[in-house]
Amino acid sequence: MSAAEALTRRLVDLADHGRRPRCGDPGGHELWCSDDATERAQAAALCTGCEVLTECAAAAEFSAVFVWGGRDRTPPPARPKPTKQVAA
Ligand code: SF4
C-alpha cells in the first residue's frame, strides 16, 4: 500500500467515525494552502496532535506544496537576480 493510499484509508476511517483533520474544517482550511507564509506556519502548528499526522507526513514526501503533515512544504520564493551595475 502506498503512503497516499494509507493516508486515504485513515481519512476514510476518520470520516466513518464522524471526524476529520483540522485541515478539513470548514472556515479554517484556507490556512493550509494560503499564499501567506505566516498563515501556513499557523496551519503547520495546528497539525500538532492530528490523528493522521504520521500518514500525512509520509504521503507528503511526494508533495511539495502547502502544509502537509505539520510542515510547510511550499518552496521558498525565488530570490531576485542581482542587477548589473552600469558604470556612468
Ligand atoms: S497532519 Fe495532515 S491531515 Fe492532519 S491537519 Fe495537518 S495537513 Fe491535515
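Bear in mind that the values in this text are calculations on the coordinates, not laboratory data. Note that the coordinates shown come from a computational prediction; the quantities given were computed from them, not determined experimentally. A quick note on method: Cβ atoms are made from the backbone with ideal geometry, for glycine too, and the neighbour counts reach across all protein chains shown.
See the values below:
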{"quantity": "Calculated [θ] (222 nm, deg cm²/dmol) that DSSP helices of n ≥ 4 give over the chain, each run adding -39,500 (n - 2.57)", "calculated": "-11000 deg cm²/dmol"}
{"quantity": "Spatial separation of Cα centroids for segment 33-65 and segment 1-18, in angstrom", "calculated": "16 Å"}
{"quantity": "Asp35 paired with Arg22, simple spin-label distance in nm, labels 7 Å along Cα-to-beta-carbon", "calculated": "2.5 nm"}
{"quantity": "Cα-centred dipole magnitude for the chain, charges only on beta-carbon of K, R (+1) and D, E (-1), debye, nearest 20", "calculated": "460 debye"}
{"quantity": "At 0.692 mPa s and 37 °C, Stokes D of segment 3-71 from Kirkwood alpha-carbon radius, µm² per second", "calculated": "271 µm²/s"}
{"quantity": "Extreme residue, positive dipole direction of the chain, given options Pro26, Thr74, Leu7 (C-beta unit charges)", "calculated": "Thr74"}
